[in-house]
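Read through the structure below, which is laid out as structure tokens, and then see the notes.
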């Protein structure tokens, strides 16, 4: 059965071809993700992979058919880079924003949100709820593509978004700084009946198949609440 591929219609946010992608990496362009054809291990591709590692860019090895589908030029040479449509912030930026506003920190922590429209809507909700930032994992998550920026309806300009390598470790580090966390759960206690004050993180974890990581993520959270 032929595999179907769905990609965002944002060809202007992509760079294709080995030379173009390599120069973009060396120039420090905001690359969201790098797609490399499976089996390509020649010299130029290895150089690109080394530069991607230096820049901490996520790399996906995919079949040639997917790159053909993504490619606008039809001359991708086994390499396609997707650019970020918006710059990422840091967790320190979020704490600084809370301090500037004279408020206790309030963050959204996301895991497994891979649909760009959903991510944009959550960023918009976070802004309306007064959150000081949104934290995403580097894997299993949509990035800040043009679709996300559009779906946020402008909220991304006022809501810092950070990417972290490990959500669980990040939560533990934030707990050491005095934050506590609640997790949205359909079987949890009704959140409107709770005292959700103080420095707090709201975790939204979308689970299609329970994995070891998502089980650990739940284990480190303090309370489960029903929205």
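The values are calculated or read from the model by the stated rules, or taken from the named source; none is laboratory data. All of these numbers come straight from a predicted model, not from anything done at the bench. With ideal geometry, Cβ positions are generated from the backbone for all residues, glycine too; neighbour counts draw on all protein chains shown.
Things worth noting here:
- Subset of the stretch 128-154 (residues that are farther than 16 Å from residue 84 by Cα, surrounded by fewer than 20 Cβ atoms within 10 Å (Cβ to Cβ) and touching a helix residue (DSSP H, G or I) at 6+ places or on another chain (Cβ under 7 Å)): 153
- Qualifying residue in the stretch 189-208 (condition: outside any loop (DSSP other than H, G, I, E, B), at pLDDT 85 or above, within 15 Å of the chain's Cα centre (by Cα) and under 30 Å from residue 82 (Cβ atoms)): no
- Of all the residues in the stretch 57-70, those that are farther than 21 Å from residue 139 by Cβ and either part of a loop (DSSP other than H, G, I, E, B) or touching a strand residue (DSSP E or B) at 6+ places or on another chain (Cβ under 8 Å) (or both) number 1.
- Test: residue in the stretch 13-27 that is under 28 Å from residue 169 (Cβ atoms), crowded, with 18+ Cβ neighbours inside 10 Å and modelled with pLDDT of 85 or more: yes
- Unique residue being surrounded by fewer than 19 Cβ atoms within 10 Å (Cβ to Cβ) and modelled with pLDDT of 95 or more when the list is 73, 104, 47: 47
- Of the listed requirements (1) part of a strand (DSSP E or B); (2) modelled with pLDDT under 90, residue 113 misses just one: (1).
- Out of 102, 43, 17, 28, sole residue that is free of Cβ contacts under 8 Å to residues at least 12 places away in the same chain and over 20 Å from residue 160 (Cα atoms): 43
- With respect to the stated conditions, residue 123 fails to be assigned to a strand (DSSP E or B) and surrounded by 18 or more Cβ atoms within 10 Å (Cβ to Cβ).
Residue-by-condition table, conditions (1) within 22 Å of residue 199 (Cβ to Cβ); (2) touching a strand residue (DSSP E or B) at 6+ places or on another chain (Cβ under 6 Å):
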{"position": "109", "(1), (2)": "yes, yes"}
{"position": "115", "(1), (2)": "no, no"}
{"position": "140", "(1), (2)": "no, no"}
{"position": "153", "(1), (2)": "no, no"}
{"position": "160", "(1), (2)": "yes, yes"}
{"position": "168", "(1), (2)": "yes, no"}
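- Matching residues, the stretch 76-97, being in contact with a strand residue (DSSP E or B) (Cβ under 7 Å, 6 or more places away or on another chain) and in a loop (DSSP other than H, G, I, E, B): 76, 78, 84, 88, 89, 90
- Checklist (1) in contact (Cβ under 8 Å) with a residue 40 or more places away in the chain; (2) more than 21 Å from residue 143 (Cβ to Cβ); (3) touching a helix residue (DSSP H, G or I) at 6+ places or on another chain (Cβ under 8 Å) applied to residue 73, failing item: (3)
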